[in-house]
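To start, the structure under review is shown below, and the notes come after it.
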Amino acid sequence: MAQIRHIAIASDHPGKTADFYKKAFGFREVARHGFDPSNPDVAPRPCAVVLTDGYISMALLKLADDQTGVGLDYVGLHHIGLVVDDLEGWTKHIEALGAPNITTIEQMPPNAHTEIKFRGPDNVVFDLSPAAWPGAAPVDPATMKQPALEAAE
């Protein structure tokens, strides 16, 4: 089974949103990218803050590219991320279930966390990654068995 280790939220200002979640819930900041420390009120494109509760990584993103087709002005839940043991095998499995692959490894920025995105039912976007995101709990490899495709009833 794949395991959820990542939630991404599109935000107009990831820094201010991160401050809220840190104060509200005590989340810990893992990384911050794209901000000018001398001008913290400005959130350029792209920028991001990654938080964790010690189990799940939560990325607050102001994206430069519309990866999911919702537009750059969209704010809210952007996608969830699942850790898998065999990215190629899981990609084939997910595509066989009818979920189109909407990003590829080749489209990822240099030094980015390895992940590829799919569009699932109800237009929900999720990505698969062979490794947990920064701040996320490790995954037990013994639990990562890919489910068999079953005929729809």
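The values are calculated or read from the model by the stated rules, or taken from the named source; none is laboratory data. In this text the structure is predicted, and so the values were computed from the model without any measurement. Note that we place each Cβ from the backbone using ideal geometry, even for glycine, and neighbour counts take in every protein chain shown. Side chains included, ligands, DNA and RNA excluded: accessible areas come from the protein's heavy atoms. Shrake-Rupley method; radii C 1.70, N 1.55, O 1.52, S 1.80 Å.
Within the range 104-132, restricting attention to residues that are closer than 27 Å to residue 32 by Cβ, in contact with an Asp or Glu (Cβ under 8 Å, 6 or more places away or on another chain) and at pLDDT 90 or above, the residue that is most open to solvent (accessible area, probe 1.4 Å) is 130. For the range 24-53, taking the residues that are in a loop (DSSP other than H, G, I, E, B) and among the aromatic types (Phe, Trp, Tyr), the one that is farthest from the chain's Cα centre (by Cα) is identified as 35. Residue pairs whose Cβ atoms lie under 7 Å apart, sitting 6 or more positions apart in sequence or on different chains, and linking a residue in the range 1-23 that is part of a loop (DSSP other than H, G, I, E, B) to a partner that is at pLDDT below 95 and among the charged types (D, E, K, R), are 1/145.
As a summary of the residue check, residue 77 satisfies the conditions (1) closer than 17 Å to residue 61 by Cα; (2) at pLDDT below 90; (3) open to solvent by 90 Å² or more (accessible area, probe 1.4 Å) except for the one numbered (2). A Cβ distance below 8 Å, combined with a sequence gap of six or more or placement on separate chains, defines the contacts here; from the range 113-138, residues that are more than 18 Å from residue 52 (Cα to Cα) and aliphatic (A, V, I, L, M) reach residues that are open to solvent by 60 Å² or more (accessible area, probe 1.4 Å) and not in a loop (DSSP other than H, G, I, E, B) in the pairs 116/105. Entry remark, the range 98-131: residues being among the aliphatic types (A, V, I, L, M), assigned to a loop (DSSP other than H, G, I, E, B) and touching a Gly at 6+ places or on another chain (Cβ under 9 Å) number 2 in total.
Residues that are under 13 Å from the mean Cα position of the chain (by Cα), more than 24 Å from residue 20 (Cα to Cα) and touching a residue at least 60 places away in the same chain (Cβ under 8 Å) within the range 54-102 comprise 82, 83, listed in sequence order.
For the range 63-96, residues that are in a loop (DSSP other than H, G, I, E, B) and under 15 Å from residue 128 (Cα atoms) total 5. Out of curiosity, is residue 138 within 25 Å of residue 33 (Cα to Cα), at pLDDT 90 or above and open to solvent by 80 Å² or more (accessible area, probe 1.4 Å)? It is true that residue 138 is within 25 Å of residue 33 (Cα to Cα), at pLDDT 90 or above and open to solvent by 80 Å² or more (accessible area, probe 1.4 Å). State whether the residues of the range 3-21 include one that is more than 21 Å from residue 134 (Cβ to Cβ), of a type in the set (Asp, Glu) and open to solvent by less than 80 Å² (accessible area, probe 1.4 Å). No: zero hits.
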